[in-house]
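Down below is the structure, laid out as structure tokens.
The values are calculated or read from the model by the stated rules, or taken from the named source; none is laboratory data. Fair warning: this is a prediction, and the values are worked out from it, not measured in the lab. Note: ideal-geometry Cβ built from the backbone for every residue, glycine included; neighbour counts use all protein chains shown.
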């Protein structure tokens, strides 16, 4: 199968490429190059030309702008990529019989009653969640698709964009790190997320799937577990309330996702937070 990863230079994109190598004919794009073909998915003409030339059988779409606070301040600019870009890719897939696996988030919910099942009604409270839900709706019009919702993804990340990577870097540099005690998630190891995506390339799986870890835990608790496993100074971790962080975008207090459906149908075991952090330590480069 010819598989295109859009956003291959990103955090999740890198893990997807690693999981696909040797199993499928895989190639990637990036909005910024980074040794990949440059592709701006919001530019319909150029995107269509590239896709028609490469003719993938399936597309994995983790690409997008994910900074909740930046998106809250720049909703029009970011919707160009997160919504219009997704719509463009979905239109190509519809016209060409290409399978689309789209990556979404627990931000489509309001964070009051999590963790959530696939059937719970979305109710986003920030611009990012609204964009993801709008993008999902374009994808769900296709005959051949899967939407992967995930929560608080962590793993090694060159740009230090995820919570655990930022935490480790800060503490190793003897810098204090503020960790909310009142934001709960189901942290998801990027390796597990990539395995789930690989399985969801199979056409028999259609619809929405929650790919998330089994623990329902706060950022502060995650930080303390990381300190224990990576031998970091836990005194540098400062417990705070969300109201102390001056975040532009609202965050729910009870976020996260239930993974029963994907575990049952795909037979995937997701690492708990301690297992994931230990695997990170084993594979540190």
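Among the residues of region 111-120, is any surrounded by 20 or more Cβ atoms within 10 Å (Cβ to Cβ), on the phi > 0 side of the Ramachandran plot and at pLDDT 95 or above? The answer is yes, given that some residue of region 111-120 is surrounded by 20 or more Cβ atoms within 10 Å (Cβ to Cβ), on the phi > 0 side of the Ramachandran plot and at pLDDT 95 or above.
One line per residue, one yes/no per condition, for (1) over 24 Å from residue 210 (Cβ atoms); (2) assigned to a loop (DSSP other than H, G, I, E, B); (3) touching a residue at least 40 places away in the same chain (Cβ under 8 Å):
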residue: 18; (1), (2), (3): no, no, yes
residue: 28; (1), (2), (3): yes, no, no
residue: 66; (1), (2), (3): no, yes, yes
residue: 83; (1), (2), (3): no, no, yes
residue: 101; (1), (2), (3): no, no, yes
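Filtering 200, 257 for residues that are farther than 30 Å from residue 2 by Cα, under 16 Å from the mean Cα position of the chain (by Cα), at pLDDT 95 or above and crowded, with 24+ Cβ neighbours inside 10 Å leaves a single hit, 257. Give region 52-64 a look and list any residue that's in a helix (DSSP H, G or I) and either out of contact with any strand residue (DSSP E or B) (no Cβ under 9 Å at 6 or more places or on another chain) or at pLDDT 95 or above (or both), or say none. Listed by number, the residues that qualify are 52, 53. With respect to the stated conditions, residue 220 fails to be part of a helix (DSSP H, G or I), over 18 Å from residue 261 (Cα atoms), at pLDDT 95 or above and touching a helix residue (DSSP H, G or I) at 6+ places or on another chain (Cβ under 6 Å). Kindly evaluate residue 225 against the criterion of being more than 23 Å from residue 109 (Cβ to Cβ), part of a loop (DSSP other than H, G, I, E, B) and either over 18 Å from the mean Cα position of the chain (by Cα) or touching a residue at least 40 places away in the same chain (Cβ under 8 Å) (or both). No: the conditions fail for residue 225. Does region 240-248 contain at least one residue that is in contact (Cβ under 8 Å) with a residue 12 or more places away in the chain, more than 19 Å from the chain's Cα centre (by Cα), under 20 Å from residue 224 (Cα atoms) and assigned to a loop (DSSP other than H, G, I, E, B)? Scanning region 240-248, I find at least one residue that is in contact (Cβ under 8 Å) with a residue 12 or more places away in the chain, more than 19 Å from the chain's Cα centre (by Cα), under 20 Å from residue 224 (Cα atoms) and assigned to a loop (DSSP other than H, G, I, E, B), so the answer is yes.
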